[in-house]
Every structure is written in structure tokens, then in C-alpha cells.
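Here is the structure we will look at, set down as C-alpha cells.
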Amino acid sequence: MLATLTLVVGLAFAHPGHDVLVDHLTRQITFHPGDARLYLRRARTYCDGEHYDEALADCDRAATLDPDSLDVQLIRARIRLDQHQPDQAIRHVDLVIARTPTFASAHAMRGDALLALGRPLDAADAYGEAIRCTPDARPEQFLRRAAAIAAAGPEHLDDAIACLDGGIAVLGPLVSLTSAIHT
């Protein structure tokens, strides 16, 4: 009985809920009000809970404390994507890419925004740039790029398969890539 209770209590606190994390970060901010990183962590937590106004307010505070923060722009871009405002997301991501052209996740997020705007080939280009900027490419990157190419229409299916073949050439014959070719 004690072991079961210990397990249940341990599981309950293994992954604190959204409110617990926000409360913890708020306390940390009280002790360190000049730490932009804490505002950014809380902004990400607010995003996870879909509390976008609060997340944007924390981004504004972090930007005041650290005007050069790329994370502020990335979080704002994520919020705009979540709010189905991909055109606004691109503005924020482009600010990051202009300052750090090899920031792979910024290119991937740009691809997500372009795909949401109905521009699958432009999205595929952005995903391709993310792959080029990643020292250790992952299968899902090639899958996302191939899916974007395929979304451009049946006339692009050969290009989508070529993308998957390129992923196999780089990563080896992984199940996820080879099965994607055969579906």
C-alpha cells in the first residue's frame, strides 16, 4: 500500500502541471526580476497552456531586459503560428534568420508558416534550409520537406520521393524514410 502511494505521489510530481510551473517561475521572477531568461521560460510555459496574452506580455518584458534576444522572436513566432497568423509568424522568424542565417529551427518554423499560408514549395525550400543548417539531420526533417513537396500536387510526387531518397542517402535506410516511399 505504501509503495503504491509513493508511486502515485511520485508520478503526480514527476511532471508538474502548467499552473505549478507558472507559479514556480513567477516566484523565481520575484527574486530575479532582471533575468530575461525567466520571463522567456514562463512565456514558453504560457504557450504550452495556450495563454498567449500572458506569453506575449512576458516576451515584451524579456525584450525590454534583453533587446537582442532571438528567443523573444521565436516565441512570438510560435504564438502567431498557434493563433493561425502565419504571416505574422514569418515576420518574427525572418528577424531571427536575418541575424543568424544558420538557425535551423527558425528555418523549420518558417517552413511551417509558409505551409500554413498555402505555399508548400516555399515551405519545402525552408525545410531544406533547416536540413542544411543541421549538423545531424533527423528523419522527420526529410519527412516534413517531402510532405510539403507532395502537398504542391501530384506533379511534384517524384520530387517528394527524391527528397526521401536524399534523406536515405544521408541517414541510411531508416524505416521511417523507406516506408514513406512505399506509401
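The values are calculated or read from the model by the stated rules, or taken from the named source; none is laboratory data. Not measured: the values here are computed from a predicted model. Note that we place each Cβ from the backbone using ideal geometry, even for glycine, and neighbour counts take in every protein chain shown.
In region 140-160, the count of residues that are farther than 24 Å from ILE79 by Cα and outside any helix (DSSP H, G or I) is one or more. Six or more apart or on different chains, Cβ atoms under 6 Å: show the pairs whose first residue is in region 54-76 and closer than 19 Å to PRO86 by Cβ and whose second is part of a loop (DSSP other than H, G, I, E, B) and aromatic (Phe, Trp, Tyr). Nothing qualifies. Residue by residue through region 49-89, note down the ones that are farther than 19 Å from ALA106 by Cβ and touching a Pro at 6+ places or on another chain (Cβ under 8 Å). Once the filter is applied, which keeps residues that are farther than 19 Å from ALA106 by Cβ and touching a Pro at 6+ places or on another chain (Cβ under 8 Å), region 49-89 yields nothing. Kindly establish whether ASP48 is free of Cβ contacts under 8 Å to residues at least 24 places away in the same chain and of a type in the set (D, E, K, R). The answer is no for ASP48. Out of ALA63, ALA57, ALA14, one residue alone is among the aliphatic types (A, V, I, L, M), at pLDDT 95 or above and either farther than 27 Å from VAL96 by Cβ or surrounded by fewer than 17 Cβ atoms within 10 Å (Cβ to Cβ) (or both). It is ALA57. TYR127 fulfils the conditions (1) closer than 30 Å to GLY166 by Cβ; (2) under 13 Å from the mean Cα position of the chain (by Cα); (3) buried (at least 17 other Cβ atoms within 10 Å of the Cβ); (4) in contact (Cβ under 8 Å) with a residue 24 or more places away in the chain except for a single criterion, (4).
Residue check: is THR64 farther than 26 Å from ALA151 by Cβ, in a helix (DSSP H, G or I) and touching a His at 6+ places or on another chain (Cβ under 8 Å)?
Details: farther than 26 Å from ALA151 by Cβ: yes; in a helix (DSSP H, G or I): yes; touching a His at 6+ places or on another chain (Cβ under 8 Å): no.
Against the criterion (farther than 26 Å from ALA151 by Cβ, in a helix (DSSP H, G or I) and touching a His at 6+ places or on another chain (Cβ under 8 Å)), THR64 does not qualify.
Within region 148-171, residues that are of a type in the set (Asp, Glu) reach partners that are surrounded by 17 or more Cβ atoms within 10 Å (Cβ to Cβ) with beta carbons closer than 9 Å, at six or more positions or on different chains, in the pairs ASP159/ALA124; ASP159/ALA146; ASP159/ILE149; ASP159/ALA150; ASP159/ALA152; ASP165/LEU177.
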